[in-house]
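Structure record follows, encoded as structure tokens.
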Amino acid sequence: MTRPLVLFTDETDLDPAPGRALLEAAGCDTVLAALPSRADLPRELPEGAERAVALVVGYARIDAELLDRLPKVGFIATMSAGFDMIDRAAAEARGIWIVNLTDAATEEVAAHALTLMLSLERDLRGSLAVTAGGGWTDDVTAVPRRLSGLTLGLFGFGRIAQRLAQIAAPSFARVIAHDPFVTAPVHGVELVDRDTLIAQSDVLSLHLPLTADTHGAIDGNAFAAMRPGSSLVNVSRGELVDPEALAAALDSGTLRGAAVDVLHGEPPAADHPLRNDPRVLVTPHVAFLSDGSLEHYTLDPARNVLAWLRRGSAPRAAVTGRDTAPLLPTAG
């Protein structure tokens, strides 16, 4: 039996070596490419890449043109929970499976979201600036809000948002959520419609996948409907928020501040205006990161590929493809 080739499309922030070693030990060949995250940049494939049967994807854009150059691919494993870098329609048309990481860093991202909102509400950045500048209590100008009088709103109520609700609820007066795919209350959270969520949240935390429907979901109209002096937290995707509308909301005072782990067009330019805006906390897309999550992010995509190679199908797929004959013997 010919050894199946698995193409790692890009290295991203994670070391691909553990996943490659796992696949190679199981009887696969692997190759690492350096495909860009933007489809308008040149994309050079390694020699022999056309025989790849599976892809492990970080941030690389996977579109119809690229898939046409990789005609044997039947399976795509992502190194993330999101799979917006993949042209879903193109994959479905070709019968390609897509399996994402659904629970690799639920705890970490929820904890990071809570850390961001607490840091923002307690004006941690301002306090640190005071002490770094030699000042003390009398030099503090911002007065934080009492958390127990605030409503936390969760836009999207999947695993991460539900975990955040568990750990944040004791600190807030009320936790509300909107998600059209969740119909039963979880952890005592009140489910509301979108307009109510935006209008009644003092702290609005985003937990949406990036789709055509959610792109720019937080726009000028959404900011205009928010409570004056509210705050925004985003640990999902930068493209959920209209950047010009965000800047306008900060300037107008509609937002007292924002805390984000994601931005448009990552990595952002060194002079990106949000990097040093005193009203905004920006972390460098690290909400997923911990010693425990790294093992899942580096090994689980390879494990997902192996499962498909051995059975010709994939449970818990984000996109269901064609069943095929196994390309590797079942592990003994």
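Pairs meeting the criteria (first residue in the stretch 133-147 and closer than 21 Å to Leu255 by Cβ, second residue open to solvent by 50 Å² or more (accessible area, probe 1.4 Å) and in a loop (DSSP other than H, G, I, E, B), beta carbons under 9 Å, at least 6 apart or on different chains) are Pro144/Arg122; Leu147/Arg122; Leu147/Ala173. Determine, yes or no, whether Gln166 is in contact with a Leu (Cβ under 9 Å, 6 or more places away or on another chain), open to solvent by 30 Å² or more (accessible area, probe 1.4 Å) and assigned to a helix (DSSP H, G or I). No; evaluated as a whole, the condition is false for this residue.
Would you mind stating whether Pro185 is open to solvent by 30 Å² or more (accessible area, probe 1.4 Å), closer than 16 Å to Ala245 by Cβ and either part of a loop (DSSP other than H, G, I, E, B) or not charged (D, E, K, R) (or both)? For Pro185, the condition - open to solvent by 30 Å² or more (accessible area, probe 1.4 Å), closer than 16 Å to Ala245 by Cβ and either part of a loop (DSSP other than H, G, I, E, B) or not charged (D, E, K, R) (or both) - is not met.
The one condition from (1) small (Gly, Ala, Ser); (2) under 17 Å from Leu5 (Cβ atoms); (3) open to solvent by less than 10 Å² (accessible area, probe 1.4 Å) that Gly27 does not meet is (3).
Within the stretch 192-225, restricting attention to residues that are over 15 Å from the mean Cα position of the chain (by Cα) and open to solvent by less than 10 Å² (accessible area, probe 1.4 Å), which residue is nearest to Gly265 (Cα to Cα)? Filtering the stretch 192-225 for residues that are over 15 Å from the mean Cα position of the chain (by Cα) and open to solvent by less than 10 Å² (accessible area, probe 1.4 Å), the one nearest to Gly265 (Cα to Cα) comes out as Ile218. Restricting the first residue to the stretch 313-329 and requiring it to be under 10 Å from Trp97 (Cα atoms) and polar (S, T, N, Q), which pairs with a second residue that is modelled with pLDDT of 90 or more and surrounded by fewer than 18 Cβ atoms within 10 Å (Cβ to Cβ) meet a Cβ separation below 6 Å and a spacing of at least six or different chains? Partner pairs satisfying both residue conditions: Ser313/Asp323.
Taking the conditions exactly as written (loosely packed, with under 13 Cβ neighbours inside 10 Å and within 29 Å of Met85 (Cβ to Cβ)), does Phe157 satisfy them or not?
Details: loosely packed, with under 13 Cβ neighbours inside 10 Å: no; within 29 Å of Met85 (Cβ to Cβ): yes.
So Phe157 fails the test.
The values are calculated or read from the model by the stated rules, or taken from the named source; none is laboratory data. A quick note: this is a predicted structure, and the numbers were derived from the prediction, not measured. Positions of Cβ are generated from backbone atoms using ideal geometry, with glycine treated the same way; all protein chains shown enter the neighbour counts. These area figures cover heavy atoms from the full protein model, side chains too; ligands, DNA and RNA do not enter into them. Shrake-Rupley method; radii C 1.70, N 1.55, O 1.52, S 1.80 Å.
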